[in-house]
Amino acid sequence: MIRLEHSIPDDGYAEIRATVDRLFQERPQGVGVADLEDFGWTEMLDDPDTRGAAARAMFEGQGSALALAGTPETFLAATLAGFELDGAVAMLPGPDGGYLGLPSGGADPARLLLVDAASVRSLPADRATQVHTVDPGVSLLSVSAEATADATPVTGAAPGLALARVQVALSLQLAGMGAHLLELGRDHVRTREQFGRPIGRFQAVQHLLAEVAVAVAAADAANRNALDLIDDPGSAPLAALVAVGLGTRAFDTATRGAQQVLGAIGYTREHEFHRYLYRGLVLQHLLGSRDIDARVGAAAASTAVTPPVATWYDRFEEGLHL
Amino acid sequence: MSADVLASAELSAEFARWLAANRAQATELSEAALRPAPATEYLAAQKALQSWLYEEGWLARGWPKEYGGTGNDVGLRAAIYDLLGAADIAVPSTVNVVEIIAPTLQHFAPGLAEQLLSPLVAGAEAWCQGFSEPEAGSDLASLRTRATRTEQGWSISGQKIWSTRAPGADRCAVLARTGSPESRHRGLSLFMVDMDTPGVECRPIDDMSFTQHFGEIFFDDVQVPDDRRIGDVDGGWAVAQYLLQWERGMFSWLRQSALLGMLRQLPPGDDAGRGAAYQDVIALRLRSLGTLRALAAGKSDGPQVSIDKLLLSRAERSVHELANRTRPVAVDDGTPGWHERRHEYLHSRSAPIYGGSAEIQRTIIANQILQLGKESR
């Protein structure tokens, strides 16, 4: 893996990521909640000390593996005051007052969880229609504004925190895809030779990939920050929006840079590049990435985004990353 | 937009109490420090603000006691810069040099550090760096200013350029060639030269932001004792690399606070522009804090700071372009602060050039992080 930080702290990420990568490889048909519980992921999420590494490893790994799994729903469960998920699919606000969600690829969901800044509501799954996407392997579930009329509030849920968790779960996947594309591009330009040398020796090619590295590093910083703040109702919403914004940007920069350095071969169906592009476009659509800058601008006017002081200041002594 | 600061609740409260009692003075000195002015006048304003903040205790905190501080604490210094920024008090730009030179001297020449640093920390002295030359900008390793052995120490001859705040500086950290002409980075050494040594001549350079940010320095057989050498003979490149980490790391932190302040002061409107610029500054803020932690723990990795520098030049551009779109600098509309805004915008255009150009940073990332290019390991 390409290292984009000063030193790798021993926070468990590497080990969890190795397990995640293996899991997604062994279960291409989908990873279920039982699998997650088996390797202890749900327990790690409950502990603030392990939650950050566990979430990053899972969702970045999931992005890199292009895997569909009910992991965002498992991640947001902690904000639902004991509500029984039972295979529900989290739905985010879409255009025109409706909601969109990404099913996990497993059994048909029985329920939908409509998550927005003000509420978390439950709706039977039969209210949803399927929406085809640019990604042939993926259909989104869509619920129109009218169809949400009889949605029932989830008692005791924390909407801002729930929404932040789903957003961060998706922005981590975008970042994981970006990191994967950076490696893909880098490995390609080291081996592809033209004019008597690997094309990675040319400055134009180098600089394209360097910009991808910068964008991925920025997204990493924002994702970690959002995870640090994920339980803070005052800060989590904006932190999550910033993570969505920088994750969106990292994905856009990575797909542009990787596409360019891969050249014609990356444009073929045979090459894996397009699978990342398609999936990322779908996740961006789900997140409402197209107007993320305006949403951040409006939200930033009234709140702050950096973590509670003590957490950060303490970490100076430990020399930990962020 | 409220500012969430790095400082602890106790420190924040103490600062707020102090500020309430000293607001007028702080504002006056801060405005003077931000006013575009010729080199020596500008430098004097920085030193006035720095020495006042030092006497009030704020710029003494976090420096080793040997240099007149309260005890070495990078996090505490970073927290105070954040508090100042959130209160719209300028951190004098002379502090940039303290943050670059002090850790470097501590690391490579602790005796010199103890001997020389106190007045720098206190704002009684201002120093500069002599690295770039007319023929050695991006290709710093090709520099030609020569340091030749003498009985008493060294004789330095040559020329430096683009030395920030050199006119009026008391001392200069000069990177000179002690090896053969072809030795490139392997034949360099760093020296602390007093600017009033016979043979040193310094001239300000008029720049397009209507100030004199840089100077050029001529060295004509300047006598420097060997105990002013920082690090090993021919070991200057390693010293310079370490120095650059602090330059790119701490300077990024100092700038993020100022840029957040600029965003705060913009009138509402253009949410998308504000949101994009805000993300750029927050990315810089989060990334540079991670770098400071690594520097404080002695676990920093030079090439990684190139990422910070690129995030910095991006944030400078997006905030200043937004500010310019909101309140154009092209014409003097008679509103107060036009001269400051004009200067700020024009100066921001040098951000992707100074401290190692964006092109150099990308090349460092490509070679040393992505392992591309001939020099890759």
Would you mind finding the one in A:ALA164, A:ALA158 that is within 16 Å of the chain's Cα centre (by Cα), in contact (Cβ under 8 Å) with a residue 60 or more places away in the chain and away from every other protein chain (no Cβ under 11 Å)? A:ALA164
Taking segment A:224-243 as the region of interest, how many residues are within 10 Å of chain B (Cβ to nearest Cβ) and touching a Lys or Arg at 6+ places or on another chain (Cβ under 8 Å)? 2
If I go through segment B:1-26 residue by residue, how many of them are open to solvent by 50 Å² or more (accessible area, probe 1.4 Å) and β-branched (Val, Ile, Thr)? 0
Condition set within 14 Å of chain A (Cβ to nearest Cβ) and of a type in the set (Ser, Thr, Tyr), scope segment B:317-335, selection least open to solvent (accessible area, probe 1.4 Å): answer is B:SER318
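Does A:ALA298 fit the bill of being crowded, with 24+ Cβ neighbours inside 10 Å and within 14 Å of chain B (Cβ to nearest Cβ)?
On the way: crowded, with 24+ Cβ neighbours inside 10 Å: no; within 14 Å of chain B (Cβ to nearest Cβ): yes.
It is false that A:ALA298 is crowded, with 24+ Cβ neighbours inside 10 Å and within 14 Å of chain B (Cβ to nearest Cβ).
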Just to be sure before I move on: is A:HIS271 in contact with a helix residue (DSSP H, G or I) (Cβ under 7 Å, 6 or more places away or on another chain) and not in a helix (DSSP H, G or I) in the structure I sent? yes
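What tally of residues in segment B:146-157 results from selecting those that are surrounded by fewer than 21 Cβ atoms within 10 Å (Cβ to Cβ) and in contact (Cβ under 8 Å) with a residue 60 or more places away in the chain? Spell out the reasoning first.
Going residue by residue through segment B:146-157, those that are surrounded by fewer than 21 Cβ atoms within 10 Å (Cβ to Cβ) are B:146, B:148-153, B:155, B:157.
With in contact (Cβ under 8 Å) with a residue 60 or more places away in the chain added as a condition, the list becomes B:150, B:152-153, B:155, B:157.
Of the residues in that region, 5 qualify.
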Looking only at segment B:258-275, and only at residues there that are hydrophobic (A, V, I, L, M, F, W, C) and assigned to a helix (DSSP H, G or I), the one that is nearest to the other protein chains (Cβ to nearest Cβ): B:ALA272
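Based on what the data block shows, is B:GLN223 polar (S, T, N, Q), closer than 25 Å to B:ARG171 by Cα, surrounded by fewer than 21 Cβ atoms within 10 Å (Cβ to Cβ) and within 16 Å of the chain's Cα centre (by Cα)?
Working: polar (S, T, N, Q): yes; closer than 25 Å to B:ARG171 by Cα: yes; surrounded by fewer than 21 Cβ atoms within 10 Å (Cβ to Cβ): yes; within 16 Å of the chain's Cα centre (by Cα): no.
No.
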Within segment A:68-108, tally of residues that are open to solvent by 30 Å² or more (accessible area, probe 1.4 Å) and farther than 24 Å from A:ALA54 by Cβ: 6
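Might you let me know whether segment A:172-184 holds any residue that is open to solvent by 20 Å² or more (accessible area, probe 1.4 Å), within 10 Å of chain B (Cβ to nearest Cβ) and more than 21 Å from A:GLY297 (Cα to Cα)?
Step one: of segment A:172-184, the residues open to solvent by 20 Å² or more (accessible area, probe 1.4 Å) are A:179-180, A:183-184.
Narrowing further to those that are within 10 Å of chain B (Cβ to nearest Cβ): A:183.
If we keep only those that are more than 21 Å from A:GLY297 (Cα to Cα) as well, we get A:183.
Yes.
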Under 7 Å between Cβ atoms, at least 6 apart or on separate chains: pull out the pairs that start in segment A:230-257 with a residue that is assigned to a helix (DSSP H, G or I) and end on any residue that is surrounded by fewer than 24 Cβ atoms within 10 Å (Cβ to Cβ) and charged (D, E, K, R). A:LEU241/A:ARG295; A:GLY245/A:ASP293; A:THR253/A:GLU211; A:GLY257/A:GLU211
Just a yes or no: is a residue in segment A:271-293 among the acidic types (Asp, Glu) and facing another protein chain (nearest Cβ under 10 Å)? yes
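Which is buried (at least 23 other Cβ atoms within 10 Å of the Cβ) and modelled with pLDDT of 95 or more, of B:GLY273, B:GLY215?
B:GLY215
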Residues of segment B:68-80 classified as outside any loop (DSSP other than H, G, I, E, B) and either open to solvent by 10 Å² or more (accessible area, probe 1.4 Å) or among the small types (Gly, Ala, Ser) (or both), total: 5
All but one of (1) open to solvent by 10 Å² or more (accessible area, probe 1.4 Å); (2) touching a residue at least 60 places away in the same chain (Cβ under 8 Å) hold for A:ARG190; which doesn't? (2)
Of those in segment B:201-225 that are of a type in the set (Val, Ile, Thr) and not in a loop (DSSP other than H, G, I, E, B), the residue nearest to B:PRO38 (Cα to Cα) is B:ILE205
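For B:ARG287, indicate whether it is at the interface with chain A (Cβ under 7 Å from one of its Cβ atoms), free of Cβ contacts under 8 Å to residues at least 40 places away in the same chain and closer than 22 Å to A:ASN223 by Cα.
Working: at the interface with chain A (Cβ under 7 Å from one of its Cβ atoms): yes; free of Cβ contacts under 8 Å to residues at least 40 places away in the same chain: yes; closer than 22 Å to A:ASN223 by Cα: yes.
Yes, satisfied.
Let's see how each residue does on (1) more than 7 Å from chain A (Cβ to nearest Cβ); (2) touching a Ser or Thr at 6+ places or on another chain (Cβ under 6 Å); (3) open to solvent by less than 30 Å² (accessible area, probe 1.4 Å):
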| site | (1), (2), (3) |
| --- | --- |
| B:ALA277 | yes, yes, yes |
| B:ILE282 | no, no, yes |
| B:LEU292 | yes, no, yes |
| B:LEU295 | yes, no, yes |
| B:ASP301 | no, no, no |
| B:GLN304 | no, no, yes |
| B:ILE307 | no, no, yes |
| B:LEU311 | no, no, yes |
| B:ALA315 | yes, no, yes |
Check segment B:179-198 and report whether any residue there is of a type in the set (Asp, Glu), in a strand (DSSP E or B), open to solvent by less than 20 Å² (accessible area, probe 1.4 Å) and without any contact (Cβ under 8 Å) to a residue 40 or more places away in the chain. no
If A:GLU5 satisfies all but one of (1) open to solvent by less than 30 Å² (accessible area, probe 1.4 Å); (2) of a type in the set (D, E, K, R); (3) away from chain B (no Cβ under 14 Å), what's the number of the condition it fails? (3)
Taking B:SER157 as meeting all but one of (1) within 22 Å of the chain's Cα centre (by Cα); (2) of a type in the set (Gly, Ala, Ser); (3) assigned to a strand (DSSP E or B), write down the number of the exception. (1)
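The values are calculated or read from the model by the stated rules, or taken from the named source; none is laboratory data. If you're wondering where the values come from, they're calculated on a predicted model, not measured in any experiment. Don't worry about glycine lacking a Cβ; one is built from the backbone with ideal geometry, like all the others, and counts go over all protein chains shown. Just so you know, the surface numbers come from the protein's heavy atoms only, side chains and all, with ligands and any DNA or RNA stripped out. Shrake-Rupley method; radii C 1.70, N 1.55, O 1.52, S 1.80 Å.
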